[in-house]
Amino acid sequence: MYDSVSVKELLDRKVGQYNQPSFIEKDPISIPHRFSRLQDIEIMGFWAAVLAWGQRPVILKKASDLIDRMDGAPYDFVRNHQDTDLKRFLDFKHRTFNATDTLYFLHFFRQFYQHHQTLEDAFIPACNPEQRPNEVNWHPAGIFLETFHNRFCDDPFFPDRTRKHIATPTRNSSCKRLNMFLRWMVRRDEQGVDFGIWTRIQPEQLIIPIDVHVERVARKLGLLDRPQTDWKAAVALTETLKQFDPADPVQYDFALFGLGVEGEM
């Protein structure tokens, strides 16, 4: 059994160390930080999060490539591009993310922003969250992610192969990349790493994104004992971290990730 007091002291100290502007440069969050316009931040934040698997320098290179192909102005491009402009994306690829996925992302953004000012709308359910689809997925973040998944995929032009890039608790995925994106958009503090530009989703409703570093350190500290790394594990770890700060549990993503990626633990 871990000493919760000493673990909280360690994690609080590491949050203070890693939740700093110096963290931004080498992290995928640096991609949306290139912009000041809400919609540009949303588009490239979402895309950078979806592409965030593999080595960080490669992720940054691929996301930067997308920005260049959109003439440095993602929101203007998705709203105003012509069909002939799409040819420049036909050779884009990052691991299993290919041109088909890229073209659908552009299509989705174009259709969505014709009717909405912010991507946050896509995550907000129309019905009362108490009308939850099932007990397994019941968590505010689970409802937000399922809502987005269903809206993103509900299009006559949706390619089925693209579904694997948009995780959902329904498939018991840990939803690491989407949870990371929500952290970027929702968390707010004075450090300036996360954006905190969405207001209808609250920090206490978020789920910590579990990658290999977060998982390894969390298990070593005794914060996670579920064998599988799935949605239930992500919820369980977040609930444990709420004992340290119920209003902002995912701030500890900085600490767990930092301890792991920097080789401190």
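The values are calculated or read from the model by the stated rules, or taken from the named source; none is laboratory data. All values reported here derive from a predicted model rather than from experimental measurement. Glycine gets a Cβ as well: all are built from the backbone with ideal geometry, and neighbour counts include every protein chain shown. Accessible surface areas use protein heavy atoms only, side chains included; no ligands, DNA or RNA. Shrake-Rupley method; radii C 1.70, N 1.55, O 1.52, S 1.80 Å.
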- Message: Can you tell me which of N80, N150, N19 moves the most in a GNM of the chain? Springs connect C-alpha atoms under 10 Å apart.
- Response: N80
- Query: Direction-averaged shadow area of the convex hull around the Cα atoms of the stretch 1-136, nm²?
  - Reply: 12.4
- Separation of alpha-carbon centers, the stretch 214-242 and the stretch 29-74, rounded to whole Å: 28
- Task: Could you state, as a whole-number percent, how many of the C-alpha pairs of the stretch 1-74 are farther apart than 21 Å?
- Result: 40
- Hey, what number do you get for the chain at 222 nm if only DSSP H runs of n ≥ 4 count, each worth -39500 (n - 2.57), divided across all residues, to the nearest 500? -14000 deg cm²/dmol
- Item | Most mobile of D189, D245, D253 in a GNM of the chain (Cα contacts under 10 Å) | D189
- Message: For the stretch 115-265, report the % of Cα-Cα distances exceeding 18 Å.
- Response: 58
- Can you name the helices of the chain, as whole DSSP H runs, whose Cα span along the helix axis is 30 Å or more and whose Kyte-Doolittle mean is not below 0.0? none
- Query: How many percent of the accessible area of the chain is carbon or sulfur, using a 1.4 Å probe?
  - Reply: 49
- For K232, which lysines qualify as cross-link partners when the Cα separation must be under 28 Å and same-chain residues fewer than eight apart are set aside? K8, K14, K164, K176, K220, K242
- Note on the structure: With the dipole of the stretch 188-260 defined by +1 on each Lys or Arg Cβ and -1 on each Asp or Glu Cβ, the option from F195, F254, L224 whose Cα lies farthest towards the positive pole is L224
